[in-house]
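Worksheet: the structure to be examined is printed underneath.
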Amino acid sequence: MGGASEDSASSLRASQAWIAASLFSIAFIVVIWMLGPNLESFIGTLLPDKSAAWYYWKLPERRAGSMLIVWALYLVHQFSVWGAIYWARNNLSGKPPSQTLTRYNVAVLAINAVFIVLHLAETQILFDGLAQDVPIWTSQGSVIVMLVVVLVIENRRRGFLLGRRIDRPFTVGVTRFFRENHMYVFAWALVYTFWFHPMAVDPQLLSGFIYMFFLFTQMSLAWTWIHLDAKWIVFLESYVAIHAMMVAIYNTLQHGSPAMWPMFFAGFAFMFVFTYQFALKTSRTLRMTIIGAYLLFVSWLYLPESLGLGRELAYLTRLEVLWIPIILYLLALVFGGGVYLFKRE
């Protein structure tokens with residue numbers, strides 16, 4: 001890895017910044033939790049959950065002045081990050097990953113920290129996020145886009161499925177296209193999703209916000225070696241399984257929704273077992289053990305209650321465990337294939 005360059009803005013090592021940002025993320029979740037009781041006057045007015053398309057954490061009535069402030073904060077945050085990425089692409093692209101922080105890293109770490117604090121203050125005063133004005137699928141879809149693009153980018157390093165690389169449509173040129181341009185899309189997905197939700201105290205929101213803070217750390221440390229670290233990337237991809245499971249369990253317990261946590265957890269866990277783990281330098285024995293353990297877990301889900309969870313076999317026959325992997329793999333092929341045809345490789 002390259003050492004400090006003329007673009008370095010700090011002698012602080014990227015690894016030290018990663019540790020500090022991670023600790024900040026955990027500490028700030030505690031702050032959100034501690035301030036939670038202040039939001040009771042807002043939460044008491046929330047309408048009952050209506051459907052999968054309904055977003056629970058928004059006030060019953062839209063307040064134009066409040067939403068003007070929320071949109072202004074979001075747009076300033078968004079364009080500040082995009083501006084930093086534009087500078088970095090013109091000044092850092094083509095250089096080896098830095099061991100120390102560049103001007104881009106210092107700027108985006110500061111930008112994100114400031115707007116994390118501002119979002120907390122906004123929630124305490126106004127409560128609503130962008131969810132008041134835009135549908136929930138826009139936030140969910142942004143995360144899916146990120147996972148799909150990472151599948152394309154990482155294909156040449158870890159393979160697409162079971163460690164096997166796909167050369168077409170994921171050619172060197174297609175991979176380079178996604179690698180060079182993904183930052184703008186990911187920055188939109190992260191900042192937009194961040195401002196979509198209020199910083200309320202709730203298991204699914206808290207698990208989502210700590211994930212968001214970790215992803216902000218990843219974005220902030222682009223052009224350093226941390227950003228390319230396989231273990232860190234696998235952790236970020238795999239955390240979705242935990243968050244999705246928590247959201248599903250909470251919706252079942254709190255709102256009486258059907259128990260869908262097995263589909264979400266097993267579906268996203270499938271991605272770790274059959275794709276993500278192949279980025280790690282582990283033995284074939286360990287990989288096969290993980291695959292075996294996963295298959296036993298899936299079997300346990302559908303065994304009778306005397307032996308397992310006792311989930312209805314109708315879910316198994318509908319192949320619920322495969323829905324998420326199929327969607328992610330197919331979208332990756334569509335994204336890659338579209339760029340491949342456009343570039344006429």
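Each value in this text was obtained by applying a stated rule to the coordinates, not by laboratory testing. These figures come from a predicted structure and were not determined experimentally. Here Cβ is always computed from backbone atoms with ideal geometry, including for glycine, and neighbour counts include all displayed protein chains.
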Practice problem: Quickly estimate the mean residue ellipticity at 222 nm for the chain, helices only: each DSSP H run with n ≥ 4 gives -39500 (n - 2.57), and the total goes over all residues, rounded to 500. | Solution: -23000 deg cm²/dmol
Quiz item: What does the range 1-148 give for Rg and for Dmax, in Å, if only its C-alpha atoms count?
Solution: 18.9, 56
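Quote the relative contact order of the chain in percent (integer), defining contacts as alpha-carbon pairs under 8 Å separated by 6+ residues.
Answer for the chain is 22 percent.
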Quiz item: Kirkwood hydrodynamic radius (Cα pairs, Å) of the range 84-153?
Solution: 15.3
Quiz item: Given the range 210-274, what whole percent of its Cα pairs are spread farther than 18 Å?
Solution: 47
Quiz item: Under 16 Å Cα-Cα from residue 58, which aspartates and glutamates qualify once same-chain neighbours fewer than 8 residues away are excluded?
Solution: 40, 49, 122, 128, 133, 202
Self-check item: Stretchable slack from residue 293 to residue 168, in nm (0.36 nm times residue separation minus alpha-carbon distance)
Solution: 41.8 nm
Quiz item: Which whole-angstrom value gives the distance between the alpha carbon centres of the range 244-312 and the range 68-126?
Solution: 35
Quiz item: Looking at the square roots a ≥ b ≥ c of the eigenvalues of the Cα gyration tensor of the range 179-325, which shape do they give, rounded for a/c under 1.5, prolate if a/b is larger than b/c, or oblate?
Solution: oblate
Quiz item: Along the principal axes of its C-alpha atoms, what lengths does the range 60-122 span, in descending order and rounded to whole Å?
Solution: 51, 19, 15
Quiz item: Cross-link partners among lysines for residue 95, C-alpha distance below 26 Å, same-chain residues fewer than 8 apart left out?
Solution: 231, 281, 343
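How much net charge surrounds residue 133 when only the other residues with a Cβ under 14 Å from the Cβ of residue 133 are counted, with Lys and Arg +1 and Asp and Glu -1? Walk me through the numbers on the way to the answer.
Working: positive: 58, 62, 63; negative: 61, 128.
Every neighbour counted, the sum reads +1.
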Quiz prompt | Cleavage-rule hits, trypsin sites (Lys or Arg not before Pro), the range 262-317, DSSP coil, Cβ neighbours within 10 Å at most 15 | solution = 281
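Averaged over all directions, how much area does the convex hull of the C-alpha atoms of the chain cover when projected, in nm²?
Average of the hull's projected areas for the chain equals 19.1 nm².
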